[in-house]
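Asker: Below is the structure I would like to discuss, written out as structure tokens.
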Amino acid sequence: MIRRLFLIICRNKLDLILGIIFVSSFNWLATRLGGYAKFSFG
């Protein structure tokens with residue numbers, strides 16, 4: 001029971017960490033692409 005709860009918490013934490021990494025990398029890509037577009041077209 002405790003182990004199962006621990007696994008659920010760990011899985012949720014892993015999802016949270018992966019979500020944070022995904023969002024931060026997506027923001028980084030968006031800023032890089034935005035800067036590249038500004039450099040290219042403006």
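Each value in this text was obtained by applying a stated rule to the coordinates, not by laboratory testing. Values in this document were obtained by computation on a predicted structure and should not be read as measured data. Note that we place each Cβ from the backbone using ideal geometry, even for glycine, and neighbour counts take in every protein chain shown.
Asker: Using the basic label-point model (7 angstrom from Cα toward the beta carbon), what is the R11 to W28 distance in nanometres?
Answerer: Between R11 and W28, the simple spin-label model gives 2.9 nm.
Asker: Roughly how large, in nm² to one decimal, is the mean projection of the convex hull of the alpha-carbon atoms in the chain?
Answerer: Its Cα hull, projected and averaged over all orientations, spans 2.3 nm².
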